[in-house]
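For reference, the structure discussed in these notes is given below.
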Amino acid sequence: MSSKVVGQSVPKIDAATKVRGQRKFPQDFNMEGQLYAKVVWSEYPHARVSKIDLSQAEALPGVVAILTSKDVPVNEYGINIMDQPVLVGEGEKVRWLGDRIAIVIAESEKIAQEARQLVRVEYEPLPVVTDPREAMKPDAPLIHEERGDSNILKHIKIRKGDIEKGFAEADVIIESYYLTPHVEHAYMQPEAGVGYIDEQGRVTVIAAAQWSHDDLHQISHMLDLPLDQVREIVPAIGGAFGGREDMYIQHLLALCAYCVRRPVKMVFDREESVMRTGKRHPYYMKYKWGATRAGKLTAMEMEIISDAGAYASTSVPVLSNSASFAAGPYVVPNAKVDAYTVYTNNAVTMAMRGFGSTQPPVAYESQMNKLAEALGMDPVELRMKNLLEDGSIALTGNPMPPGVGVKETLRQTALAAGWKEEDGVWIKPGPGLPSAPYKRRGIGVACGYKNVGYSFGFDDKTRAIVELALDESGEIARALVKLGASDQGMGAHTALAQIAAEALGIDYEKVRVALVDTSVVPDAGSCSASRHVYMSGNAVIRACQEAARKREEAIQRGERRVSAEYEYHGRSVRPTTPYDDENGMCDPHIGYGYASQIALVEVDVGTGQTEVLKVWAAQDVGKAINPEMVKGQAGGGVHMGLGYALTEEFIQKEGLIKTRRFSEYHIPTVADMPREFIPLIVEVPDPTGPYGAKGVGEMTTLPTAPAIISAIHDAVGVWIDNLPATAEKVWRAMQVRS
Amino acid sequence: MLTLKMFLNGQEVSVDVEPGELLADVLRDKLGLIGTKISCGEGECGACTVLVDGKAVDSCLYPVLKAQGREVITIEGLGQDNRLDTIQQAFVDKTAPQCGYCIPGMVISAKALLDENPHPTRKEIEEGISGNLCRCTGYYQIIEAIELACERLAEEGGTG
Ligand code: FES
Ligand code: FES
């Protein structure tokens, strides 16, 4: 079938309203008679609340209610483990600065703001533990006494082959210790929304969310209400990147509406958004890898420790991902992985673009680049000898499903960047002349891969409804796609509309995607794991096929409306399995996406400042449903990867927060981005994907940081194993070296 | 309360304000112009950019009383009825908006730039949006959109 809509860079479905400023984000909603709420936040990273005195705040005119733990029907929530209190009451513990004591609701935002400062809270401070390596020890202060006698939330073991034999076979062994920092999602739209009771009496929330149907389960649990008594509406989302997979405001808005029975609006300011919400996990990664002189990997030993922060969030599934990707996209016969995630009094850590696949490349790609140097082999060539292919046995013992495109991404990136290949021998280009005598240039390469969809035996599913309106002659006049798939900005709705148009054989302009409102649309799973094009795309195609069949019948009956529904399960094509407790063997993931990047940098030897001049970025997306949107993901992925490499670090000291706003937390501006950016789209189809498509959004960020780190080494000879590679860190490393 | 008069998107408006209020809040909360976004509230991100007498300003820091008698243009002031203006159309055509939260500020910064300098270099475009943060795009398609808008404006013979 030749595709007419799929593969075209049609305008995004919401672009026109966005450029006009008409598209409503959660802070843009206002309701008749609405009140305003503000949170009273914890002031200690670890303490027992001894007294909460509301008297002064309550006395302030205009204060309508102050909610405390006593007002929460079931005071617990959590996306994976319900270990988080909604509000912390007297006698209970705060475990980080994002814990909440009370919510003040008032007639105006100003009064609410004033009143929250009048709430007096007394605390008995408790010992604080912020380094997960300390928190793992048997005598460490416990963060969650109620959850047993250790702060270790999860330990995953992988045992493959015989690493002693593997290291004995190695001619070179590289050992390093890598650290990655806490990273702030820094979506531009701070948390906001309105909670109210709808016309049917349902507790309703308007907010940005990645998985509204899961929020609904948590809210119904918290309020002890049946599921059909709660509702969530997701308007435009101002970025999310994993940060809205957990609830940071949704449940609070629901609680406010439930308690006061009036509309309540709440908007976090940037400081609240930075200080009081989750982050990407910092990792401590001890890597030891061996390879033969011929460049074959023989053994790997890895220890990965992740800082879960105060509550579990998705730390366990994030760690599970990391362990499965610990070896990178390489074949290795002998491996040992011990991965831990540990509670501390730091910020809660959670999903963020890559979901545990973003930290390991910092280690595994630096290992490859160091091995290449030690072997005197080109880094592309070394990779080509070890990269996964269709059917290769992965770290977890499973064969890789068809569509492994990582070699192709590397080949295309390397050739574009000027590498030469002859009979499997790869020759790196020179980096060119620096722009000033005190600068040095370097070029670095990295790969990465990641799962698409939910893994480890989880029943990943997505349900879609397609409704057709037929004209007099029975032709499709309009199609409406209904599914609970959030579009955080990357274009999920556009891609799904294109897929629907293609499957129905109609123009893209005739397709609409319904607003995500849980009272209207079915559960499509989370907007995460780069899964909507693959998972929801598969559901939409099948719902469209069903609708097309029904259309024939409708025409015969003289009807003008058709509706069809389909629930797609990932396991129907690729069942996944959980880790074996002892050896970790499993078939972890439904599908995968792959990426390779090359960075050209210039380092100022006087200051250590790195400038990224050019990035070549290839991603294997199976099939680019909308090539310009894929390029947009690549640009955004490189942006985040560049920040990860050079500037971004959410800093805490003893559980207190030092980076509170954009003037202290530096995401790349346009001036920080490489002047030249070459996105390359690779299409090695996944036979189970819609039109061969895989996922896009996360893979584009994986190789950036290690490619830049490798380029810095190429330029000035130092390895930065502890991100971010700030000017100071690079400069210091250069001093130590000389 | 004081009554402030300004020329907003081509029309004279009067609005009651408190002395300490900021332009962004008045636009959003009192005048219902929600296209102007607030993201950092400290002049770091440019999401709140509007034009005051043709200059791009961060409305989250701009005391509303300073706007007295001035001409203010927000994103709602661009284009006509159902027609996008040239810059907006170029943003659509280049797939520039992802989440779109930074986009009204970006479009206004681009307008400020092109009104003053119809033929900017790539570097001048970068400078023109250097005060606007975007977390989604990496800025490339935004730059391409501004370049496309330049070309089209040159063909049209002015900033429509
Ligand atoms: S909101 Fe005004 S500069 Fe960020
Ligand atoms: S498009 Fe999302 S912040 Fe720019």
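Read-outs: derived from the displayed coordinates by stated rules, not from any lab. Since this is a predicted model, take the numbers as computed values, not measurements. Here Cβ is always computed from backbone atoms with ideal geometry, including for glycine, and neighbour counts include all displayed protein chains.
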Item to complete: Pairs to check: A:K482/A:K550; A:K370/A:K658; A:K4/A:K450. Give those whose C-alpha atoms are more than 27 Å from each other in this structure.
Response: A:K370/A:K658; A:K4/A:K450
Worksheet item: Among the aspartates and glutamates, which have Cα under 16 Å from the Cα of A:K461 when same-chain residues fewer than 8 positions away are ignored?
Response: A:D214, A:D523, A:E565, A:E567
Worksheet item: Straight-line reach from B:K5: which lysines have Cα under 18 Å away, leaving out those fewer than 8 places along the same chain?
Response: B:K30, B:K66
Practice prompt. Could you let me know the centre-to-centre spacing of region B:108-160 and region A:594-631, using Cα atoms, in angstrom?
Written response: 23 Å
Worksheet item: Taking a Cβ-Cβ separation under 4.7 Å as the criterion for a possible partner, which cysteines of the protein assembly as shown have none?
Response: A:C256, A:C259, A:C447, A:C527, A:C544, A:C586, B:C99, B:C136, B:C150
Worksheet item: Tell me, what are the semi-axes, in whole angstrom and largest first, of the equivalent ellipsoid of region A:297-453 as set by the roots of 5 times the Cα gyration tensor eigenvalues?
Response: 31, 21, 14
Worksheet entry | Ranking of A:H639, A:H144 by count of other Cβ atoms within 10 Å, fewest first | A:H144, A:H639
Practice prompt. Give, in nm to one decimal, the length gained when the segment between A:Q545 and A:E199 is fully stretched (0.36 nm per residue of separation minus the Cα-Cα distance).
Written response: 121.0 nm
Worksheet entry | FRET efficiency for A:S738 and A:A436, using Cβ-Cβ distance with R0 set to 22 Å, rounded to 0.05 | 0.70
Discussion item. Between 0 and 90 degrees, rounded to the nearest ten: what's the tilt of helix B:140-156 against the longest Cα principal axis of chain B?
Written reply: 90 degrees
Discussion item. Which entries of A:K336/A:K623; A:K510/B:K94; A:K18/B:K123; A:K420/A:K631; A:K93/A:K279 have Cα-Cα distances beyond 28 Å here?
Written reply: A:K336/A:K623
Discussion item. Using a 7 Å offset from the Cα along the Cα-to-Cβ direction at both A:K4 and A:R133, what is the distance between the two label points in nm, to one decimal?
Written reply: 6.2 nm
Worksheet item: Sorted by mean Cβ packing within 10 Å, highest first, what order do the peptides A:441-453, A:606-618 take?
Response: A:441-453, A:606-618
Worksheet entry | Relative packing of A:199-206, A:466-473, A:659-666, A:485-492, which averages over residues the other C-beta atoms within 10 Å, highest first | A:485-492, A:199-206, A:659-666, A:466-473
Worksheet entry | Net length gained if the chain between A:A374 and A:S50 were fully extended (0.36 nm per residue, minus Cα distance) | 110.8 nm
Fill in: Residue-averaged [θ]222 nm for the protein assembly as shown, counting only DSSP H segments that reach four residues, each worth -39500 (n - 2.57)
-7500 deg cm²/dmol
Worksheet item: Counting partner chain Cβ atoms within 10 Å of every residue's Cβ in A:661-673, what's the average?
Response: 6
Worksheet item: Extension gain A:I173-A:E43, at 0.36 nm per residue separation less the Cα-Cα distance, in nm?
Response: 42.1 nm
Item to complete: Please go through the residue pairs A:K160/A:K286; A:K157/A:K729; A:K288/A:K694; A:K12/B:K37 and name each one whose alpha carbons sit more than 25 Å apart in this structure.
Response: A:K157/A:K729; A:K288/A:K694
Worksheet item: Rounded to the nearest 0.05, what FRET efficiency is calculated for A:N80 and A:L227 with R0 set to 30 Å and r the Cβ-Cβ distance?
Response: 0.95
Worksheet item: Once you put a point 7 Å from the Cα of B:E12 and another 7 Å from the Cα of A:K157, both along the Cβ direction, what distance in nm separates them?
Response: 8.2 nm
Worksheet item: Which residue, B:A67, B:A47, B:A112, tops the fluctuation ranking in a GNM of chain B built on C-alpha contacts under 10 Å?
Response: B:A67
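Using the beta-carbon distance between A:H217 and A:S392 and R0 = 60 Å, what value does 1/(1 + (r/R0)^6) give for FRET efficiency, to the nearest 0.05? All intermediate terms of the calculation are to be shown ahead of the outcome.
Details: r = 38 Å, r/R0 = 0.64.
FRET efficiency, A:H217 to A:S392: 0.95.
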Response to the item:
Ranked from fewest to most other Cβ atoms within 10 Å of their own Cβ, A:C544, A:C259, B:C102 fall in the order A:C259, A:C544, B:C102
Discussion item. To make sure I understand, if each residue's beta carbon is the centre and we count other beta carbons within 10 Å, what order do A:C586, B:C40, A:C527 fall in, fewest to most?
Written reply: A:C586, B:C40, A:C527
